[in-house]
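Asks: One structure is given below, represented as structure tokens, and several questions about it will come after.
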Amino acid sequence: MHRFFFATIFISTFLLFQSCNVQSEDIEQITTNQIDELDSLFIQQFTANLIRYVGRKPEDASNENKFHAYFDDHYSKQINHHELTHYRMKDDKEYFIFTRIAPSLKLKKVAIGGWVRRDTAGNVLELEEIFRTWKFEPETLSEKSDFLFVKAINGESLEAYQTNISGNTDYIEFPSDVVYYNKESKQWTSTQEDVLAEFVDLKIERTKARILAFEEEQREAKNDSLK
């Protein structure tokens, strides 16, 4: 009877220990940045797939025509300005952080964190930018990015680190009380009136004519190559 009792205790303790180990491994797994496991080709393609969403949009482009070949040169340069520093595949979502240099007297960068669902061809199906940080020196930004990335991939709320909630500029600039990410249009949107909207719309309209001219040049070049 005593042997059976102690055997039962031993087995129960062993199973509990194993369960704790599994849980510990699961926690470790979902907090790991997989960036070092990616090859350069994957990083290049992933960046190219997302750059027209996370990169700076040309001032004369709309959210609809920014995908036009007319803007290819602009976004090729944007690819060189963005570095994928964090990546994690979890379930069917790819979590990421890109950094890019921000205007400053000394070297500072901002981090752009979010998740994406893509099809087998790499086309973006769903995208959400979870945060954009304030600009920091690279070493400081790296630490803050690590912290925010772990919370993001574990589904934790980041509201406490937004400036409009915390009252400081230690982490997140966007979203804020007036700027939010519109998942439908896949862009940051302000609830405040844009006083420059009319001026921007005029630039976009003028560029539409240039796009038509660009398309005509492309057709002529193609026809010349077939002669």
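Asks: Given the structure, is Leu212 in contact with a Leu (Cβ under 8 Å, 6 or more places away or on another chain) and assigned to a helix (DSSP H, G or I)?
Replies: For Leu212, the condition - in contact with a Leu (Cβ under 8 Å, 6 or more places away or on another chain) and assigned to a helix (DSSP H, G or I) - is not met.
Asks: What's the number of the only condition in (1) exposed (fewer than 14 other Cβ atoms within 10 Å of the Cβ); (2) at pLDDT 95 or above; (3) closer than 20 Å to Thr120 by Cα that Asp92 fails to meet?
Replies: Failed condition: (2).
Asks: Check Lys57, Lys144, Lys108 and return the single one that is surrounded by 15 or more Cβ atoms within 10 Å (Cβ to Cβ), among the basic types (Lys, Arg) and closer than 18 Å to Ile35 by Cα.
Replies: Lys144
Asks: Still on this model: Take the conditions modelled with pLDDT under 95, over 23 Å from the mean Cα position of the chain (by Cα) and under 29 Å from Phe96 (Cβ atoms) and apply them to Asp224. Does it pass?
Replies: Considered against the rule, which asks whether it is modelled with pLDDT under 95, over 23 Å from the mean Cα position of the chain (by Cα) and under 29 Å from Phe96 (Cβ atoms), Asp224 comes out as no.
Asks: Okay, moving on. Can you tell me which residue within region 171-199, out of those that are under 24 Å from Tyr87 (Cβ atoms) and among the charged types (D, E, K, R), is surrounded by the most Cβ atoms within 10 Å (Cβ to Cβ)?
Replies: Lys186
Residue by residue, here is whether (1) in contact with a Gly (Cβ under 7 Å, 6 or more places away or on another chain); (2) not hydrophobic (A, V, I, L, M, F, W, C); (3) not in a strand (DSSP E or B) holds:
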{"site": "Lys66", "(1), (2), (3)": "no, yes, yes"}
{"site": "Ile79", "(1), (2), (3)": "no, no, yes"}
{"site": "Met89", "(1), (2), (3)": "no, no, no"}
{"site": "Phe98", "(1), (2), (3)": "no, no, no"}
{"site": "Ile101", "(1), (2), (3)": "no, no, no"}
{"site": "Val110", "(1), (2), (3)": "no, no, no"}
{"site": "Gly113", "(1), (2), (3)": "no, yes, no"}
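Asks: Separate question: Could you say whether any residue in region 181-188 is within 23 Å of the chain's Cα centre (by Cα), without any contact (Cβ under 8 Å) to a residue 12 or more places away in the chain and in the same structural domain as Phe67 (by TED's automatic domain parsing)?
Replies: yes
Asks: Right, another one. Any residue in region 190-210 that is farther than 18 Å from Tyr70 by Cβ sitting within a Cβ distance under 9 Å of a residue that is part of a helix (DSSP H, G or I)? List the pairs, counting only those 6 or more apart or interchain.
Replies: Cβ pairs passing all conditions: Asp194/Val200.
The values are calculated or read from the model by the stated rules, or taken from the named source; none is laboratory data. On a predicted model such as this, the values are computed, not experimentally measured, just so you know. In this analysis, Cβ positions are derived from the backbone assuming ideal geometry, glycine residues included, and neighbour counts consider all displayed protein chains.
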